Amino acid sequence: MKRQSQFARVRDRVSNLLARLDPFLMGLGFAYLGIYSVEVLSSPPAEIALALEFAGWLIYGLFLLDLAARLIVWFPQLREFSGWIGFLKENWLSVLAAALPAFRSFRVFRVLIVLRGIYPYVQSRMAKVTAMVGVALPLIIYTSSLAVLEAERGSSEALIDSFGDALWWSMVTITTVGYGDTFPLTPEGRFVGTFLIFTGIGLFSTVTALIASWVLKDSTSQSSS
């Protein structure tokens, strides 16, 4: 009983600490994306590139610690399968942000680190729509542009060899317009393209559904009054 009480106090302290760290994690997310931007756009000397890579891994490690702390908070519920379902439902973005960006081929998923930092502030319906249109969409386009430029510029036959070309390609791809004037040739670049296509479909469908639900709810409220 005493051990359970001590664990409960530790869990409460960890939960309170996580709530206070949300602004710090948001700042780290943008710092992580800034480091990636410098690595891709400026091609820094080897010493600086090594320091930036270390800083990026350090930030990534802090997000791993955040996920571990959340596992501690949820530990009593994780003894049952339903607890894992609840944990993943509430912390899915933390899990993805901790798992995917570690792989070099998945560098486009570095945007998840930034979105993880923003997520605690977009719980209401209006905040979600605003965040998706005003924050998530530009971040995804920007990060995808960096990722495809990094993947393509090493190819002698690359059609995407500048950030301007990469940005244009990302915008027409995520909107599923696909003019075909610029496209990736490397497997990594095509992976980024696949990510953008499905993200665009999902993002715009979600925004449309949220707005429709919002309008329908207002119409129902006005009718009942």
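Laboratory data are not the source of any read-out in this text; all were calculated from the coordinates shown. Remember, predicted model here, so these are calculated numbers, not experimental data. Ideal geometry is used to build each Cβ from the backbone, glycine not excepted, and the neighbour counts take in all protein chains shown.
Annotations
- Per residue, the average separation of C-alpha pairs within less than 8 Å and at least 6 apart gives the stretch 17-89 a relative contact order of 27 percent.
- Gyration tensor (alpha-carbon) shape descriptor, the stretch 176-218, a/c threshold 1.5: prolate
- Per-residue Karplus couplings for the stretch 46-53, computed as 6.51 cos²θ - 1.76 cosθ + 1.60 with θ equal to phi - 60°, are listed in order as 4, 5, 5, 4, 5, 5, 5, 4 Hz, Gly and Pro entered as x.
- Net +/- balance of residues flanking Ser94 in space, Cβ distance below 12 Å, scoring K and R +1, D and E -1: 0
- For the stretch 24-67, taking the reciprocal of the average inverse distance between every pair of different Cα atoms yields a Kirkwood hydrodynamic radius of 10.7 Å.
- Total formal charge among the other residues, if their Cβ is under 14 angstrom from that of Leu25, Lys/Arg +1 and Asp/Glu -1: +1
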